[in-house]
Amino acid sequence: MRRRDFTILLAGAMGGSASALRAQQKTMPVIGLLGSTSHGAPFVAAFLEGLAETGYVEGQNAAIEYRWAEGRYDRLPALAAELVKRRVDVIVTQGGIPATRAAKSATSTIPIVFAVGTDPVGDGLVASLARPGGNLTGVTFMMTELMPKRLELLSELVPEAGMIALLVNPNNEDAERTMRDVQEAARVKGVQLLILKAGTESEIDAAFAYFVQLHAGALLVGHDPFFFSRREQLVALASRNAVPAIYENRGYVVAGGLISYGTSLAAANRLAGIYVGKILKGAKPADLPVQQPTRFELVINFKTAKALGLTVPPSILARADEVIE
């Protein structure tokens with residue numbers, strides 16, 4: 001073979017390889033992940049696990065574009081617009097209603113899979129749980145709906161608390177509904193409710209100072225992605241000020257919090273990953289029912305209870321799914 005012929009053949013082969021590589025990159029689906037807080041490693045891991053169950057592995061046959069608002073919900077619309085401009089194949093939201101609302105406002109065509117702790121029908125995200133319609137579906141883990149139950153548990157754990165405080169994030173549009181639900185539950189229980197609002201780290205500090213000043217007996221931490229991202233701060237303040245507090249999920253209790261009642265966020269995000277995989281394979285969001293939790297976890301940190309001088313009633317211990325010693 002003449003050298004010129006070999007050079008032409010080699011260039012042709014290289015050109016073919018480059019074309020094949022470009023084609024592979026073009027056909028690899030791109031997932032946009034929009035988060036209200038910072039990189040939530042445990043929940044991302046659960047999402048990736050669910051995605052892998054459908055045959056998609058990040059970096060192998062699927063790419064993921066991450067956008068995190070770092071707790072600044074006002075950044076979410078611009079971040080959602082970036083993902084739409086990027087022309088991702090599907091958007092998955094983490095961090096509840098703020099991220100999901102931003103994604104919904106940004107596109108009516110790109111499929112969106114959410115994991116929210118509120119009522120997606122009541123919030124106007126989907127037409128119904130069975131048949132969502134439109135371009136959204138996902139998982140609801142009913143964190144807001146469980147707030148009255150958490151108040152009941154807290155009253156049972158700290159029966160002498162005549163005043164219980166509720167901490168909400170005013171930047172979360174679900175705060176008003178949470179306050180209404182808990183106020184009604186407090187009225188039924190016959191306890192006084194103190195509303196505390198915090199949307200920044202410094203406001204969390206100020207809320208605890210006000211709690212101590214008014215001698216409230218216990219604290220109910222509202223459902224909010226920002227609060228979960230600041231769980232170390234919240235748990236430390238509760239410990240320092242000897243505040244019995246109940247939280248929405250196990251992550252707080254593992255960090256040293258007293259008690260939590262809610263669904264498994266890891267399980268919810270795994271289901272979101274499975275739904276994203278199904279959509280990448282051709283399923284339509286409108287035809288995928290919104291998934292609901294089938295199991296709720298009651299987790300108690302016995303070491304924290306002892307440090308607070310609390311005796312956990314046998315009725316609560318008997319119902320506990322996990323007791324951290």
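Give the residue, chosen from Ala52, Ala45, that is under 17 Å from Val276 (Cα atoms), open to solvent by 40 Å² or more (accessible area, probe 1.4 Å) and at pLDDT below 95.
Only one candidate qualifies: Ala45.
In this structure, is Leu194 of a type in the set (A, V, I, L, M) and either under 24 Å from the mean Cα position of the chain (by Cα) or on the phi > 0 side of the Ramachandran plot (or both)?
In short, no.
Can you tell me which residue is nearest to Arg72 (Cα to Cα) among those in segment 156-174 that are at pLDDT below 95 and crowded, with 21+ Cβ neighbours inside 10 Å?
Asn172
Applying the selection to segment 96-124, what residues are of a type in the set (A, V, I, L, M), crowded, with 24+ Cβ neighbours inside 10 Å and out of contact with any helix residue (DSSP H, G or I) (no Cβ under 6 Å at 6 or more places or on another chain)?
Across segment 96-124, the qualifying residue is only Ile97.
Name the single residue that is nearest to Ala238 (Cα to Cα) among those in segment 310-322 being without any contact (Cβ under 8 Å) to a residue 40 or more places away in the chain and open to solvent by 30 Å² or more (accessible area, probe 1.4 Å).
Thr311
Conditions (1) within 19 Å of the chain's Cα centre (by Cα); (2) over 21 Å from Leu237 (Cβ atoms), marked per residue:
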| site | (1), (2) |
| --- | --- |
| Glu145 | yes, yes |
| Leu151 | no, no |
| Ile164 | no, no |
| Asn169 | yes, no |
| Asp174 | yes, yes |
| Val182 | no, no |
| Ala185 | no, yes |
| Ala198 | yes, no |
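Count, please, the residues in segment 201-238 that happen to be without any contact (Cβ under 8 Å) to a residue 40 or more places away in the chain and farther than 13 Å from Tyr252 by Cβ.
So the count comes out to 11.
Within segment 225-241, can one find any residue that is of a type in the set (A, V, I, L, M), assigned to a helix (DSSP H, G or I) and in contact with an Asp or Glu (Cβ under 9 Å, 6 or more places away or on another chain)?
Yes: one or more hits.
Please state which one of Val243, Val235, Val221 is under 24 Å from the mean Cα position of the chain (by Cα), of a type in the set (Val, Ile, Thr) and open to solvent by less than 10 Å² (accessible area, probe 1.4 Å).
Unique residue meeting the criteria: Val221.
Just the residues that are modelled with pLDDT of 95 or more and within 23 Å of the chain's Cα centre (by Cα), please, taken from segment 292-319.
Within segment 292-319, Leu298, Val299, Ile300, Asn301 meet the criteria.
The values are calculated or read from the model by the stated rules, or taken from the named source; none is laboratory data. Just so you know, these numbers come straight off a predicted model, no measurement behind them. A quick note on method: Cβ atoms are made from the backbone with ideal geometry, for glycine too, and the neighbour counts reach across all protein chains shown. Ligands, DNA and RNA are excluded from the accessible area calculation, which covers all protein heavy atoms including side chains. Shrake-Rupley method; radii C 1.70, N 1.55, O 1.52, S 1.80 Å.
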